[in-house]
Structures are given as structure tokens and as C-alpha cells.
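Student: Below is the structure I would like to discuss, written out as C-alpha cells.
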Amino acid sequence: MRITPLPEVAPRPRRVAVGTFDGVHLGHREVIAGADTVLTFDPHPTAVVNPGAAPRLLTDLRRKVQLIASLGVQELVVIRFDRDFAGRSAQQFVDEVLVGALGATHVSVGENFRFGHKAQGDAELLAADDRFQTRIVELLEVDGEVVSSSHIRGLALGGAVEYAGRLLGDAFTIAGEVVHGDKRGRELGYPTANLIPDAAFVTPGHGVYAALARSLDGGDEAPAYAAAVSIGVRPTFVTGRGELIEAYLLDFDADIYGETLELAFRKRLRGEKRFESVDALIDQMAVDVDAARAICA
């Protein structure tokens, strides 16, 4: 898939799907279906227009690119969203971007898509334009609830990563640099790769999870390892540290400090708890590791 910043785009007839597409969830995939080009925004428009209300994101641009490419899209056009672009009217967006820059013959959007200065443009404005055909996709419902990025954020924050993955159409993932910790896991017999949560992105709620872990520095062919992942503040110990993500990679022994580790969550195993003794914690860690191995096998 070709990735093109908007200023570098070459006009050609395009079938364009337009949206922020945070998470590229099942509803987004309905909007994208049949499009050869996806038009999206980076950063999230709310982070520019109303920073205080900006949501924690489900996906960074790298992950969004990966997911959209997996849908068979030919080109991803990225609008660098800033105050200047936010000031464009809805009609300017249609005239200058969809028609002028992209040469759109077909435009696909979700029924709640809004665009232009103060979000004055909507799907009906697009449908009234006879320079292209407009496809308005109804909101998708699963189990009686609308599939939305905000709903999936809530699920992940609550620890329901398995159901979040079902609505995403792929595993919920996070990624971050492996940093040095207190080396306590090594002392307990379970050395961990430690990540510091990024406040701009969703981190699953405190607890222990089964996940698949792989180093992004190894490229697309890097192997994935089953992992038992603890997220929280380690209540059994007094560390003085804040929230930490600790991943014990099974059958793995290598130095990956400084590398970017991706964790694809499969299932929540249990909540975070304080243990009466270190031995009790070690016994539970053995149970968690066995469970992670069985789930990720």
C-alpha cells in the first residue's frame, strides 16, 4: 500500500473512504470496503480542535497503516491535521481535497461522519454533490450495541481485551520502548520486558493478561512469543514507581532494551492483587504463565 501525504497526492479517479478510523474496527471496515484509497487524519482532529477532550487513541499511525493495508487498500492519503486545516469550511474540503486533489468518483463515509470548520459538513452534504457518488454506511451493531472507537476504548480500559479484539476485527495492541525496571522479575525467576504506558493511548486496565509479544525492530518477519503481561503498580512491593507494563516472554532470552515491543492482547487472566508473601506471588506467576502458554499456543 502506498502512503501519501495530501500535498504530494497525484489526481486520478479514486474510490475514497474518509474517516479518522481510530482502531480500524469492524464498523470502519464496512466504510472502507470497496475503496481503493483511504483518506485519514493525523493527529486526531480533536487533539487539535479541543485538546482537553482528545480521546486516548486505540492505534498510532503505524498500526493504522498496518491494519488498513491488510484490507487490500491501494493507497492511504494522510492529512496532517493542524489549525490551518481545521479552519477550512466543509465545502472547501469537498472542493479542494475530495474533488481537486483526489479526483474522487466515489466517496464512502459512516453515517455520523462530520467534517469542515466546526464540523459543519455531514454525509448529507456529500450525498448532495453530483460530482461523485456517495455511499453512507450505517453504524454497525454487535450484540445490540453500536461498534465505535469510544466503546472499544471503554472495553480495553476495563480489561475486556478479548471482546475489544472481537469488535476491532484484530487483537487490541499496544507498543512501546523496552526500558529498565527494578530487575525484580529477574530475581523472582520471571524476567520481564518493561514498558511505560503512553498517556496518549489506551492501556488495558490493571491486571494480568495473555498476549503475543514481538519486537518491531525485527521487521515484519520477527517472531512472536507468548507472554504473561502484568499491568499495574505492583501492590505486593513498595517501589515508588507509577503504572508499569511488565511482559514475561515465554521461551525467550535476549537483550531487547531500547527496542520497540508490540503486545497483542488475547485475554485477561485476572485482576491485580496484593499477595501475602513473595512465594505466593511466585506460585501465582507460574499459574499465569501456564495459562498464557495455553491461550497463545
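Student: Residues in segment 157-169: is at least one touching a helix residue (DSSP H, G or I) at 6+ places or on another chain (Cβ under 9 Å), in contact (Cβ under 8 Å) with a residue 60 or more places away in the chain, closer than 16 Å to residue 246 by Cα and surrounded by fewer than 19 Cβ atoms within 10 Å (Cβ to Cβ)?
Tutor: no
Student: For segment 14-48, which positions are under 19 Å from residue 93 (Cα atoms) and touching a Pro at 6+ places or on another chain (Cβ under 8 Å)?
Tutor: 20, 44, 46
Student: If you go through segment 256-263 one residue at a time, do you hit one that is closer than 18 Å to residue 175 by Cβ, among the small types (Gly, Ala, Ser) and not in a strand (DSSP E or B)?
Tutor: Step one: filter segment 256-263 for residues closer than 18 Å to residue 175 by Cβ, giving 256-263.
Filter once more, keeping what is among the small types (Gly, Ala, Ser): 258.
Filter again for not in a strand (DSSP E or B), leaving 258.
Yes, there is a match, as at least one residue in segment 256-263 is closer than 18 Å to residue 175 by Cβ, among the small types (Gly, Ala, Ser) and not in a strand (DSSP E or B).
A quick yes/no check of all residues on (1) at negative phi; (2) in the same structural domain as residue 27 (by TED's automatic domain parsing):
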site	(1), (2)
72	no, yes
78	yes, yes
82	yes, yes
102	yes, yes
121	yes, yes
125	yes, yes
132	yes, yes
141	yes, yes
158	yes, no
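Student: Please work out which residue is farthest from residue 162 (Cα to Cα), limiting yourself to segment 13-32 and to residues that are in contact with a Phe, Trp or Tyr (Cβ under 7 Å, 6 or more places away or on another chain) and surrounded by fewer than 24 Cβ atoms within 10 Å (Cβ to Cβ).
Tutor: For segment 13-32, the residue satisfying everything is 19.
Student: Keeping to segment 215-229, report how many residues are surrounded by fewer than 23 Cβ atoms within 10 Å (Cβ to Cβ), within 19 Å of the chain's Cα centre (by Cα) and within 16 Å of residue 265 (Cα to Cα).
Tutor: 3
Student: Restricting attention to segment 86-131, which residues are touching a residue at least 60 places away in the same chain (Cβ under 8 Å) and either loosely packed, with under 15 Cβ neighbours inside 10 Å or not in a helix (DSSP H, G or I) (or both)? Break it down into steps so the answer makes sense when it comes.
Tutor: Going through segment 86-131, the residues touching a residue at least 60 places away in the same chain (Cβ under 8 Å) turn out to be 97-98, 100-110, 113, 115.
Residues satisfying the conditions are 100, 102, 103, 104, 105, 106, 107, 108, 109, 110, 113, 115.
Student: Whether any residue in segment 56-70 is within 24 Å of residue 97 (Cα to Cα), more than 13 Å from the chain's Cα centre (by Cα) and in the same structural domain as residue 115 (by TED's automatic domain parsing) is what I want to check.
Tutor: Looking for residues that are within 24 Å of residue 97 (Cα to Cα), more than 13 Å from the chain's Cα centre (by Cα) and in the same structural domain as residue 115 (by TED's automatic domain parsing), one finds at least one in segment 56-70, hence yes.
Student: Residue pairs, Cβ under 8 Å, 6 or more apart or interchain, first in segment 39-51 and on the phi > 0 side of the Ramachandran plot and not assigned by TED's automatic domain parsing to the domain that holds residue 109, second surrounded by 15 or more Cβ atoms within 10 Å (Cβ to Cβ) and aliphatic (A, V, I, L, M). List them.
Tutor: Close Cβ pairs satisfying both conditions: none exist.
Student: Among the numbered conditions (1) closer than 22 Å to residue 116 by Cβ; (2) at pLDDT 95 or above; (3) within 20 Å of the chain's Cα centre (by Cα); (4) of a type outside the set (Val, Ile, Thr), tell me where residue 51 comes up short.
Tutor: Status for residue 51: all satisfied but (2).
The values are calculated or read from the model by the stated rules, or taken from the named source; none is laboratory data. Being a predicted model, the structure only gives us computed values, none of them experimental. Counting neighbours? That spans all protein chains shown, and the Cβs are built from the backbone with ideal geometry, glycine included.
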